[in-house]
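Down below is the structure, laid out as structure tokens.
The values are calculated or read from the model by the stated rules, or taken from the named source; none is laboratory data. Just so it is clear, the model here is predicted, and its values are computed rather than measured. Note: ideal-geometry Cβ built from the backbone for every residue, glycine included; neighbour counts use all protein chains shown. Each accessible area value is taken on the protein alone, full model and side chains, heavy atoms only, with ligands, DNA and RNA left out. Shrake-Rupley method; radii C 1.70, N 1.55, O 1.52, S 1.80 Å.
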Amino acid sequence: GAVYPANGYGTQLRQAAQLIKSGVGLELATVTIGGWDTHGTQGNQVGYQASMLKIFADGIAALSADLGSAAMQDVMILTMTEFGRTAEENGSQGTDHGNAGCWFAIGGGVRGGVYGQWPGLETAQLYQGRYLAHSVDFRDILGEIASKHLRNTNLASLLPGHTYTPLNFL
């Protein structure tokens, strides 16, 4: 009964669900959804970005429905991006490549909430006066998932040169 988006993203999610349900021992999978480079005509509650967010959310809802609540207790979905967006709209009603962004963790064991310190949007609070400032090291997010969800206790090897600081979202 799950209705996946009719695109490559939906196909990837469906295939991941098939592997999980088949019991082959899948531990990690990567699913991608492109189209987030919204330099122009981004919109807000309505527009291109809102449409992209709906596709994203519909895909996660389909995966969750397909797997069911019991299987979702053992699934961790982490969303991430390789770049953030600027804090202010540009002249094309979009945003340019930025510094920090938000990550979402969904699945069994996730403690809901916002983690990290909110840096603020005042010009003086922005990195270089333009970008949202980082407040969480991505290696701590990945370290938490590796140690608490995947039960990998060798974080020094996984994250060389980094001292893992638990965020306690799991």
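Things to note:
- Test set (1) open to solvent by less than 20 Å² (accessible area, probe 1.4 Å); (2) farther than 30 Å from Leu126 by Cβ; (3) outside any helix (DSSP H, G or I); (4) not basic (Lys, Arg) - Tyr9 fails condition number: (3)
- Test result for Tyr4, at pLDDT below 95 and either surrounded by 14 or more Cβ atoms within 10 Å (Cβ to Cβ) or charged (D, E, K, R) (or both): no
- Residue in the stretch 157-169 that is among the hydrophobic types (A, V, I, L, M, F, W, C), open to solvent by less than 40 Å² (accessible area, probe 1.4 Å) and in contact (Cβ under 8 Å) with a residue 60 or more places away in the chain present: yes
- Any chance Gly1 is without any contact (Cβ under 8 Å) to a residue 40 or more places away in the chain and not aromatic (Phe, Trp, Tyr): no
- Subset of the stretch 110-152 [part of a loop (DSSP other than H, G, I, E, B), within 20 Å of Ala29 (Cα to Cα) and either of a type in the set (D, E, K, R) or open to solvent by 60 Å² or more (accessible area, probe 1.4 Å) (or both)]: Leu150, Arg151
- A single member of Ala17, Ala29 is under 16 Å from the mean Cα position of the chain (by Cα), small (Gly, Ala, Ser) and under 19 Å from Ala65 (Cα atoms), and it is Ala29.
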